[in-house]
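Enquirer: Sending over a structure as structure tokens; questions will come in a sec.
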Amino acid sequence: MRIDTHCNIGRYGERTLTASDVSTYLDQVGFDAAFVANLDAASRPAGSPDREEVDANEACLNACAGDQRLCPLYWVRPGRRDSHVYAMAGALSTEDFAGVIFAPARNDYSADASMLDPYMQMLARLGVTAIFCTSREDRSGPSRVYSLARRHPKVPIVLSGIASDVHVREAIDVVQRAGERNDARLYLNASHAGAEEIVRLVKSVGAERVLFASDWPQTRADQSLRAGEIANALERALPPPTCERILSGNALHLFRCNLHAESPA
């Protein structure tokens, strides 16, 4: 099984991406499933849809309902008047969200802000994994996420977008430190990375800490359309159990999704 752990719907530049577009992408690259976030919940850059949290997530849930290969992610907007911990908890308890996604740079907050603590406490209580979209900006850098993760060591946190710019080294460092110190559950979502980069990530932090993702369609030079080629290259470069972890096993182990495959022990 091959799972892309970060795809998007909603407004992207001049386009509006739909669940049908994600399904077409999966068919093109030969993947079996995708986790889907709704970009309409973003409030930045200027001109973003800035759709209220409940509405954006309901739209994502409904869009994914038509294709069982699509697993919706709940987009959290901390600090916004439309964002409520108990609304998130209710949605996660009653609907088929695979996990939650935080985007500090897109919603204008710091990844280690104290206002995130109630959300993280709830995720720990519910046993739900979080994805954090990181960047080279200080407020959304991996070190900020690590600071938050140390306060909430029971919550698995996946750093997403780590290969998209120069903060990849910082992301690797914090995941290594978290593993050595056993003070946080941090993982790397290898979006924007090619096969050779992913192999290097595995050597740096271990296969159990790496998940495949494209961040479709937000990749350099349409790299997401090479997802099938990247997966094939990984299967040639890595032992089968290692490759299985990266392409599906870790995702099935960390996230709540009704997909049929065995997760790693």
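Enquirer: Do any helices (runs of 4 or more DSSP H) entirely within region 86-184 hold 2 or more residues that are over 30 Å from R69 (Cβ atoms), of a type in the set (V, I, T) and over 14 Å from the mean Cα position of the chain (by Cα), and if so, which? Spell out the reasoning first.
Expert: Numbers: elements: 104-107, 117-126, 142-151, 168-181.
Of the helices (runs of 4 or more DSSP H) lying wholly inside region 86-184, those with at least 2 residues that are over 30 Å from R69 (Cβ atoms), of a type in the set (V, I, T) and over 14 Å from the mean Cα position of the chain (by Cα) span 168-181.
Enquirer: Taking the criterion of being in contact with a Gly (Cβ under 9 Å, 6 or more places away or on another chain) and within 21 Å of V100 (Cβ to Cβ), would at least one residue in region 16-27 satisfy it?
Expert: The answer is yes; a qualifying residue exists.
Enquirer: Restricting region 137-164 to residues that are touching a Lys or Arg at 6+ places or on another chain (Cβ under 8 Å) and of a type in the set (V, I, T), which is surrounded by the fewest Cβ atoms within 10 Å (Cβ to Cβ)? Before the answer, list the steps.
Expert: Going through region 137-164, the residues touching a Lys or Arg at 6+ places or on another chain (Cβ under 8 Å) turn out to be 138, 146, 149, 153-157, 164.
Checking which are of a type in the set (V, I, T) leaves us with 155, 157.
Details: V155: 23, I157: 26.
The selected residue is V155.
Enquirer: Go through (1) closer than 29 Å to D138 by Cβ; (2) at pLDDT 95 or above; (3) touching a helix residue (DSSP H, G or I) at 6+ places or on another chain (Cβ under 9 Å) one by one and return the number of the condition M115 breaks.
Expert: The failed condition is (3).
Enquirer: Could I ask something else about it? Being assigned to a loop (DSSP other than H, G, I, E, B) and touching a Pro at 6+ places or on another chain (Cβ under 9 Å) is the filter; apply it to region 20-76 and report the residue that is surrounded by the fewest Cβ atoms within 10 Å (Cβ to Cβ).
Expert: Step one: of region 20-76, the residues assigned to a loop (DSSP other than H, G, I, E, B) are 30-32, 42-52, 65-69.
After this cut, where a residue has to be touching a Pro at 6+ places or on another chain (Cβ under 9 Å) as well, the list is 42-43, 65.
Working: A42: 25, S43: 17, A65: 13.
Filtering region 20-76 for residues that are assigned to a loop (DSSP other than H, G, I, E, B) and touching a Pro at 6+ places or on another chain (Cβ under 9 Å), the one surrounded by the fewest Cβ atoms within 10 Å (Cβ to Cβ) comes out as A65.
Enquirer: Still on this structure, please answer the following. Within region 138-163, which residues are basic (K, R) and in contact (Cβ under 8 Å) with a residue 40 or more places away in the chain? Walk me through it before giving the result.
Expert: Taking region 138-163 and keeping what is basic (K, R), we get 139, 144, 150-151, 154.
Matches in region 138-163: R144 only.
Enquirer: Here's a follow-up. Could you look through region 218-263, keep only residues that are at pLDDT 95 or above and of a type in the set (D, E), and pick out the one that is surrounded by the fewest Cβ atoms within 10 Å (Cβ to Cβ)?
Expert: Only one residue tops the list, namely E235.
Enquirer: Can you tell which of G10, G99 is under 25 Å from E137 (Cα atoms) and surrounded by fewer than 24 Cβ atoms within 10 Å (Cβ to Cβ)?
Expert: Working: G99 fails: surrounded by fewer than 24 Cβ atoms within 10 Å (Cβ to Cβ).
Residue meeting the stated conditions: G10.
Yes/no per residue for (1) under 10 Å from P142 (Cβ atoms); (2) out of contact with any Pro (no Cβ under 9 Å at 6 or more places or on another chain); (3) aromatic (F, W, Y):
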residue: H167; (1), (2), (3): yes, no, no
residue: G179; (1), (2), (3): no, yes, no
residue: N182; (1), (2), (3): no, no, no
residue: R185; (1), (2), (3): no, no, no
residue: I198; (1), (2), (3): no, yes, no
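Enquirer: From the list V29, V36, V54, V100, exactly one residue is in contact (Cβ under 8 Å) with a residue 24 or more places away in the chain, among the aliphatic types (A, V, I, L, M) and closer than 23 Å to R144 by Cβ. Which is it?
Expert: Just one listed residue meets the conditions, V100.
Enquirer: Assuming T16 fulfils every condition listed in (1) over 15 Å from the mean Cα position of the chain (by Cα); (2) modelled with pLDDT of 95 or more; (3) in a strand (DSSP E or B) apart from one, which condition is it?
Expert: Unmet condition: (2).
Enquirer: Could you tell me how many of the residues in region 165-197 are buried (at least 23 other Cβ atoms within 10 Å of the Cβ) and more than 13 Å from V145 (Cβ to Cβ)?
Expert: 4
The values are calculated or read from the model by the stated rules, or taken from the named source; none is laboratory data. These numbers come from a predicted model, not from an experiment. When we count neighbours, we look across all protein chains shown, and the Cβ atoms used for this are built from the backbone with ideal geometry, even at glycine.
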